[in-house]
1. For the chain, set up a GNM with springs between Cα atoms under 10 Å and report which of 175, 291, 164 has the largest fluctuation.
2. Hey, can you rank 49-56, 267-274, 99-106, 79-86 by average C-beta count inside 10 Å, highest first?
3. Given that compact globular proteins tend to follow 2.2 N^0.38 Å, what is the ratio of the alpha-carbon Rg of the stretch 219-359 to that value?
4. Most mobile of 192, 121, 335 per a Gaussian network model of the chain (Cα springs, under 10 Å)?
5. When every alpha-carbon pair in the stretch 60-143 is counted, what percent end up more than 17 Å apart?
6. How big is the stretch 34-93 in terms of Cα radius of gyration and Dmax, in angstroms?
7. Among 32, 17, 143, which one shows the highest mean-square fluctuation when the chain is modelled as a Gaussian network with alpha-carbon springs under 10 Å?
8. Ordered by residue, what ³J(HN,Hα) values in Hz, to whole numbers, does the stretch 73-87 give under the Karplus form 6.51 cos²θ - 1.76 cosθ + 1.60, where θ = phi - 60° and Gly and Pro are x?
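The values are calculated or read from the model by the stated rules, or taken from the named source; none is laboratory data. These figures come from a predicted structure and were not determined experimentally. Don't worry about glycine lacking a Cβ; one is built from the backbone with ideal geometry, like all the others, and counts go over all protein chains shown. Only protein heavy atoms, including side chains, enter the accessible area calculation; ligands, DNA and RNA are left aside. Shrake-Rupley method; radii C 1.70, N 1.55, O 1.52, S 1.80 Å.
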Amino acid sequence: MTTETQLARFHSMALDGGATLSPVDVAYETYGELNAAGTNAILILHAFTGDAHAAGIDKDTGSEGWWDNMIGPGKGFDTDKYFVICSNVLSGCRGTSGPGSINPATGCPYAMSFPPITIPDMVRLQKMLTGHLGIERLLAVSGGSMGAMQALQWAVAYPDAVASAIPIAGTSRHSPQQIAFNEVGRQAIMADPDWNEGNYYGRRPPARGLSVARMVGHITYMSDQSMREKFGRRLRDQNQFEVESYLRYRGSQFVDRFDANSYLYITKAMDYFDLSQDRHSLSSAFEHVKSRFLVISFTSDWLYPSYQSLEVVRALRGRNCDVAYCELPSNYGHDAFLVNVDEQSELVRGFLASTFRGI
């Protein structure tokens with residue numbers, strides 16, 4: 001399946017912080033066909049460093065989509081049956097408006113003058129996109145990690161526009177530990193002399209800081225067991241462990257595809273996200289939801305541990321919502337939602353089929 005990223009432009013968009021962006025671009029890809037009734041659309045929501053290229057082979061780069069093992073003919077999100085959409089989030093750096101975009105008022109990149117954004121802002125832009133595509137109600141919204149936050153926000157913000165939600169390895173709000181890891185990454189970037197208060201476009205980017213931020217982040221995506229199995233204490237040479245070499249490779253690879261300022265903006269949006277904020281409880285956040293839910297977590301995920309998914313499940317059940325929960329066994333840590341797809345696919349396939357029959 002060959003894919004191509006498309007671009008939609010909107011005249012303006014109001015943000016939670018009070019600013020208005022004008023214009024606003026959003027990069028997206030689609031897979032499968034929308035049925036005549038417009039009832040088979042699924043929105044896939046990417047994790048922190050993902051993008052719109054979720055499946056298939058990019059026609060220009062030849063790269064495989066980040067969730068290609070889950071999206072496609074006969075897969076968990078079966079494109080023979082469903083119309084699947086994935087867009088790059090607001091403040092991203094893969095086609096959607098962000099700090100690296102040109103500010104029409106100055107003719108220069110926004111850099112740190114780009115207004116602060118929130119998870120609800122990201123979802124608001126996605127809602128604009130689905131409207132642009134002629135979709136009034138989504139069969140499902142689904143994503144892992146930050147994608148799970150967006151899925152929950154969709155169900156809360158647009159109850160009439162979402163038939164079901166599948167948050168995977170996620171949370172309704174970050175714990176202090178999760179915020180702490182993000183802050184280490186941000187400080188690594190801002191401590192790099194090349195960051196230059198965010199004004200590095202057209203110059204040397206803060207590659208060293210961004211690389212360290214990615215290295216720290218990548219450690220949290222794995223588990224102790226997966227690292228022992230993958231690396232042990234093996235030496236690559238006399239002066240370097242294999243795990244050190246791997247992390248350095250991951251860091252340098254990340255610098256080539258991600259913008260440091262986007263890292264700052266997106267991690268802040270994740271840290272400030274809290275469904276229970278300005279409400280009496282998490283349960284009250286789900287007062288008006290109409291979606292069915294399938295919540296999935298993984299046993300070895302210590303970045304987004306299962307207790308956070310269970311908090312969501314208990315709050316939904318407190319509202320008598322239709323919710324199924326499954327904790328899947330895995331040794332892969334947080335990355336399990338990208339790697340352990342067999343059982344995950346079976347759960348998703350059955351859940352979507354029963355949701356579609358009920359429409």
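1. Top of the fluctuation ranking is 175.
2. Result, highest mean first: 49-56, 79-86, 267-274, 99-106.
3. With N residues counted in the stretch 219-359, Rg over 2.2 N^0.38 Å equals 1.34.
4. In the Gaussian network model the winner is 192.
5. 61 percent
6. 12.1, 34
7. Highest fluctuation of the listed residues: 17.
8. With the stated coefficients, the stretch 73-87 comes to x, x, 8, x, 9, 6, 7, 6, 10, 10, 9, 9, 10, 9, 10 Hz.
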